[in-house]
Amino acid sequence: MLDFFNPVRILSGGGCFKYFDGFAAFGKRCLIVCGAKSARLSGALSDAEEGLCAAGIEYSVFDRAEQNPLLETVFEGGREAREQRADFVIGIGGGSPLDAAKAVAAFAACPVASPEEIFTAERPPALPVLAVNTTAGTGSEVTPYSILTVRSIENKRNLGGEDLFPKIAFCDPAYTMSLPPGFTMSTAVDALCHAVEGYFMKKATLTSDALAEKAMPLLAEGIREAAAACGEGSAIRYETRKKLLYASTLAGMVISRTGTGFVHSTGYMLTYHDGVPHGAANAYFLADFVAEMAKAAPKRAETALRLCGVPDFEGIHALVSSCAAMPLNLKLDESALRRYASKTVTAKNVANAVEEIGEETLLAILRKRVGGGG
Ligand code: NAP
Ligand code: FE
């Protein structure tokens, strides 16, 4: 079956953003949404400022997008966009600032009285968003999702909508060169999770499968190269970063169609409660996910292992835990494990997979990977 919709113009390669001259098509005023450091460190912010100035576009910078962006922060950003009368938003960063940019664009167009209302409001279309990657992982540049941290539910929540697909994704690997080894690894593993999880979702199609099958070996290769560079204490090469960025965008296109599985919903617990970066949080559970999915889809599981270049399920765990810069050494006590299992098992990601797992299975996986804490 074919059913695929990904209305994002993707521009990739060196200089694709620096030399972009089409800003004027999006309006006269722009709000740039970014984190505290990465947009400046990567060079993308100064490229944006030069490009906007050259096009005669007024802009201001909202640089308060934190990791795992908070609902309250993006609500503030929306207010700022309205005050500036922004016509469009440029998000610069990893998944956090890109997701923040989408939510800011949604709030800007929909002035709800309190942040939580955005999830249930009849929203007019968000302002147009242009997405500039500085990490290679989340695929947010090609997805209609904005994943926000919501304190009242002690979890993340997706603000989704077709209007949240960025208009253009700018994928220049040069902007990822300054990403430290630990985040390079966690973002690469996140992308691998997207490709693999998407491969086992009920909504997978021929198109999403083709993208996942292309992305998996590239990501596995990129992860091995990045881990080897970290092991030697050398810099991660441009060619490796280029491969990771290209493949992470493909994997983002996969989940834009399929959604993600229990790896992500369980990972959210580790991020929210234990501060584990998103990709590292997912890494703990990927091998067990494939093992569970193999019960319903053994041929697919075999293909996934082959495409990742590993002999068995534990080979997946060895691959994603192969880098000292991203140690997987979290240990939780039994009460936390039980809480996470009971909260995660009700997530719709769990029901969306070809093999639906129960709470006891999830608890056993949690015990195996992150148990043993006092
Ligand atoms: P991130 O949270 O955006 O960034 C992680 C850290 O890396 C931050 O400290 C950031 O600094 C820094 N950084 C980013 N780029 C850098 C660069 N080029 N040089 C130096 N430092 C850099 O990490 P992420 O893994 O890309 O995004 C995770 C978020 O994406 C999570 O909230 C997750 O839920 C979400 N996500 C969204 C989707 C989707 O489809 N929308 C899919 C998967 C995950 P700054 O703080 O200064 O930026
Ligand atoms: Fe993810």
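The values are calculated or read from the model by the stated rules, or taken from the named source; none is laboratory data. These figures come from a predicted structure and were not determined experimentally. We place every Cβ from the backbone using ideal geometry, glycine too, and count neighbours over all the protein chains shown.
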Report, by residue number, each residue of the range 249-292 that is more than 15 Å from the chain's Cα centre (by Cα) and among the small types (G, A, S). G275, A287, A291
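Yes/no per residue for (1) farther than 22 Å from A280 by Cβ; (2) more than 10 Å from ligand 1 (Cβ to nearest atom); (3) in contact with a strand residue (DSSP E or B) (Cβ under 6 Å, 6 or more places away or on another chain):
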| site | (1), (2), (3) |
| --- | --- |
| A169 | yes, yes, yes |
| Y175 | no, no, no |
| P180 | no, no, no |
| T207 | yes, yes, no |
| R224 | no, yes, no |
Please work out which residue is farthest from the chain's Cα centre (by Cα), limiting yourself to the range 350-374 and to residues that are surrounded by 19 or more Cβ atoms within 10 Å (Cβ to Cβ) and part of a helix (DSSP H, G or I). L363
If I filter the range 233-243 for residues that are under 19 Å from the mean Cα position of the chain (by Cα), within 16 Å of ligand 2 (Cβ to nearest atom) and modelled with pLDDT of 95 or more, do I get at least one hit? no
Test: residue in the range 362-374 that is within 21 Å of S186 (Cβ to Cβ), touching a Lys or Arg at 6+ places or on another chain (Cβ under 7 Å) and at pLDDT below 95: yes
Going by the conditions given, is M177 within 14 Å of ligand 2 (Cβ to nearest atom), of a type outside the set (G, A, S) and farther than 16 Å from H317 by Cα? no
I'd like to check something: does the range 122-133 contain any residue that is within 16 Å of ligand 2 (Cβ to nearest atom) and either under 14 Å from the mean Cα position of the chain (by Cα) or of a type in the set (A, V, I, L, M, F, W, C) (or both)? yes
Would you say G259 is surrounded by 24 or more Cβ atoms within 10 Å (Cβ to Cβ) and in contact (Cβ under 8 Å) with a residue 24 or more places away in the chain? no
Let me spell it out: the conditions are (1) in contact (Cβ under 8 Å) with a residue 12 or more places away in the chain; (2) under 23 Å from A347 (Cβ atoms); (3) small (G, A, S), and A121 meets all of them except one. Which number is the exception? (1)
Single residue of the range 148-180 satisfying the filter (touching a Phe, Trp or Tyr at 6+ places or on another chain (Cβ under 6 Å) and without any contact (Cβ under 8 Å) to a residue 40 or more places away in the chain) that is surrounded by the most Cβ atoms within 10 Å (Cβ to Cβ): N158
With the condition being among the hydroxyl-bearing types (S, T, Y), I'd like the strands (runs of 3 or more DSSP E) fully within the range 126-173 carrying at least 3 qualifying residues. 145-150
Where residues in the range 182-205 are in a helix (DSSP H, G or I) and of a type in the set (S, T, Y), which of them is nearest to ligand 1 (Cβ to nearest atom)? T187
For the range 29-38, how many residues meet the condition of being surrounded by 15 or more Cβ atoms within 10 Å (Cβ to Cβ) and either acidic (D, E) or out of contact with any Gly (no Cβ under 6 Å at 6 or more places or on another chain) (or both)? 4
Can I147 be described as away from ligand 1 (no atom under 14 Å from the Cβ) and closer than 21 Å to F62 by Cα? no
Given the structure, is A324 surrounded by fewer than 21 Cβ atoms within 10 Å (Cβ to Cβ) and over 23 Å from P181 (Cα atoms)? no
Matching helices (runs of 4 or more DSSP H) fully within the range 207-308 where at least 2 residues are under 26 Å from E154 (Cα atoms): 238-258, 262-274, 278-283, 286-293
